[in-house]
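In what follows, a single structure is set out as structure tokens and then discussed.
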Amino acid sequence: MVPSEDPAPQLDVDQILADPGVRIVVCCGAGGVGKTTTAAALALRAAEQHGRRTVVLTIDPARRLAQSLGLTELDNTPRQVKGIDVEASGGELHAMMLDMKRTFDDVVLQHTDPAKATEIFANPFYQAMSSTFAGTQEYMAMEKLGQLHARGEWDLIVVDTPPSRSALDFLDAPARLSRFLDGRMLRLLLAPARTGGRSMFSFVTASFGVFSKVVQKVLGAQLLTDLSGFVAALDSMFGGFRQRAEQTYRILQAGETAFLLVAAPEPDAVREAAYFAGRLREERMPLAGLVLNRVHTLTVGSLDAATSLAAAERLAEAGGHSGTVEVLRAHAVLAQQALREQQVGARFTEAFPEVPAVSVPAQPADVHDVDGLRTIGVAISRP
């Protein structure tokens, strides 16, 4: 497959970061493609170069973001990043890491009285849901984004989406969880919970399939007691889950949001990015562009792999300098890799020729500090 002769339009990230009408940038893509680093680099550049009061929200439990920003830790509260160059711009950078249980707890505290909150926190079903329920992390990312947006104190919110099996979970899981916690669903559960009996066990099995391992640990009357208490406690306060999810969904569809797909030049990552791009288009969400990370480039672009290998063989046969021979062979390997990466990247640009893209060169070492983030920011934002 030969790369398309018509390259994708160039992504102007600086235009996005400088636009006061853009308040949310969502970095999404498959796991392991550099989303966290990209999100941090964009947030840093928005603060330093464009004077925006920025907060970056990471969902990644690894400590890479905290370490790269010079912070000892990140938690559910935004922490200001010190030591960055904002004297000229007047911007600020804050960072935080989603704690899904803490966010769930905060929602409970916000929507009920202390006594009821204590009852909910102690319930085994709530403890399981707030920690292990499929989709809770993605839903709470939506909750936290909605909270940050509602506070109105940030010029720009940069979101590093969860390291899910599929990036689409960020869009799908909140709807799944909100439907489960919707008041109507809870009332359906509450009616049989009040009656008890064997029918309750079959209803539990059907409705709490994802909880099967947890449910099996709670037996007999204790199961009914816990479930009944859980449903009764939540029924009065979580009717707004779906409404909040829908409100945040509308924010993600609005012009104030810009989705950036992040991918590496690997078939699975590009395939995931293309699938996500199609979904964003279906949902009428604003896709701003593609960031293709870790791309290998040639300093001598006119010397392709075949020519380099042929020259190496001729030089070796003629008894030429061995070091030069090895350099030519190494260049051939790099040229082959660069061509493969171009071909993989072309699969996305041919499917979505209207989506702007930018390639970020592979770095000689992992990014682990602010200087490294600046380097990435410059690479993403180059004209």
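The values are calculated or read from the model by the stated rules, or taken from the named source; none is laboratory data. Here the structure is a predicted model, which is why all the values come from computation and not from measurement. Quick reminder, even Gly has a Cβ in these numbers, built from the backbone with ideal geometry, and neighbours come from all protein chains shown. Side chains included, ligands, DNA and RNA excluded: accessible areas come from the protein's heavy atoms. Shrake-Rupley method; radii C 1.70, N 1.55, O 1.52, S 1.80 Å.
Tabulated results
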{"read-out": "Reachable aspartates and glutamates, given that their alpha-carbon falls under 14 Å from the alpha-carbon of residue 82 and they are not under 8 places away in the same chain", "value": "48, 73, 92, 369, 371"}
{"read-out": "Ordering of 357-365, 140-148, 272-280, 72-80 by packing [mean C-beta count within 10 Å, highest first]", "value": "140-148, 272-280, 357-365, 72-80"}
{"read-out": "Amide N proximity, the range 85-116 versus residue 131 label position 7 Å along Cα-to-Cβ, cut-off under 17 Å", "value": "99-106"}
{"read-out": "Inter-probe distance in nm under a simple model that places probes 7 Å from Cα toward Cβ, at residue 110 and residue 336", "value": "5.5 nm"}
{"read-out": "Sites residue 53 and residue 324 - FRET efficiency at Förster radius 51 Å, r taken between beta-carbons, to 0.05", "value": "0.40"}
{"read-out": "Accessible-area composition of the range 48-99, carbon plus sulfur, in percent [1.4 Å probe]", "value": "41 percent"}
{"read-out": "Probe 1.4 Å, accessible area per residue of the range 339-380, Å²", "value": "51 Å²"}
{"read-out": "Average accessible surface area per residue within the range 34-131, 1.4 Å rolling probe, Å²", "value": "42 Å²"}
